[in-house]
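Step one of this worksheet: look at the structure below.
The values are calculated or read from the model by the stated rules, or taken from the named source; none is laboratory data. Since the model is a prediction, treat every value here as computed from it, not as a measurement. Methodologically, a virtual Cβ is constructed for each residue, glycine included, from the backbone with ideal geometry; neighbour enumeration extends over all protein chains shown. Note: accessible area is taken over every heavy atom of the protein model, side chains too, but ligands, DNA and RNA are not part of it. Shrake-Rupley method; radii C 1.70, N 1.55, O 1.52, S 1.80 Å.
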Amino acid sequence: MDKTTAYFVVRKRALPEVLLKVVEVNRLLETNKVLSVQEAVERVGISRSSYYKYKDDIFPFHDSARGKTITFACSMDDKPGLLSDVLKVVADFGANILTIHQTIPINGIASLSLSVQILDTTGDVSEMVAEIEKRSGVHNVKVLGRE
């Protein structure tokens, strides 16, 4: 695999703490909450070398998603109104729904494939996924791809 072009979508809980701290340093620098890299790394508790090692390799998912098409897969209960609730979350975050495909439920569980266009006005994509996962009857949400 070519290391320069391989990307992975990883849940926050699976990331080592140092990578999360690098994201926080970048946020502090971008929002001008600190004046220097040294001040930012001291505030979050990592070394400058750790920051410089990873600074270009990790970023919040929503930062790179704008203007893209994201495809999600969900397993969900066959419950009246649940699909509507999921679609409402997408609409509330301001994403444009492009395709919807729900399978015929088997043993009370349906699979949903949903492709959405992320617009400049779309809210945080990771928060959108988290909101979908919180819906009663939604078993899991996975990001299948991004174009």
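Report the charge-dipole magnitude of the chain in Debye, nearest 20, computed about the Cα centre from +1 at each Lys and Arg Cβ and -1 at each Asp and Glu Cβ.
280 debye
Taking 0.36 nm per residue of sequence separation and subtracting the Cα-Cα distance, how much length would be gained by fully extending the chain between Ser75 and Ser36, in nm to one decimal?
Difference between extended and current length: 9.5 nm.
Where only protein heavy atoms count, and the probe is 1.4 Å, what is the accessible area per residue for the chain in Å²?
With all protein chains present, the chain gives 63 Å² per residue.
How far is helix 17-30 tilted, in degrees, relative to the longest principal axis of the Cα atoms in the chain, given as a value from 0 to 90 rounded to the nearest 10?
Between the helix axis and the principal axis of the chain, the angle is about 80 degrees.
Quote the relative contact order of the chain in percent (integer), defining contacts as alpha-carbon pairs under 8 Å separated by 6+ residues.
Relative contact order for the chain comes out at 26 percent.
Could you compute the longest span of the chain free of chymotrypsin sites (Phe, Trp or Tyr not before Pro) located in DSSP loops and having at most 12 other Cβ atoms within 10 Å, not counting the site residues?
The reported range is 9-147.
Can you find, among Met76, Thr122, Val18, the residue farthest towards the positive end of the dipole of the chain? Put +1 on the C-beta of Lys and Arg, -1 on that of Asp and Glu.
It is Val18.
Starting from the exponent 0.38 and prefactor 2.2 Å, build the expected Rg for region 93-138 from its residue count and divide its actual Cα Rg by it.
Computed over Cα atoms of region 93-138, the ratio equals 1.32.
Whole percent per 5 Å bin, from 0 to the bin with the longest distance: what is P(r) over all C-alpha pairs of the chain?
P(r) for the chain, in whole percents per bin: 2, 9, 16, 17, 15, 13, 11, 8, 5, 3, 1, 0.
Expected output is a single nm value to one decimal: the length gained when fully extending between Lys12 and Lys142, i.e. 0.36 nm times separation in residues minus the C-alpha distance. What is it?
45.5 nm
Report the charge-dipole magnitude of region 82-147 in Debye, nearest 20, computed about the Cα centre from +1 at each Lys and Arg Cβ and -1 at each Asp and Glu Cβ.
About 260 debye.
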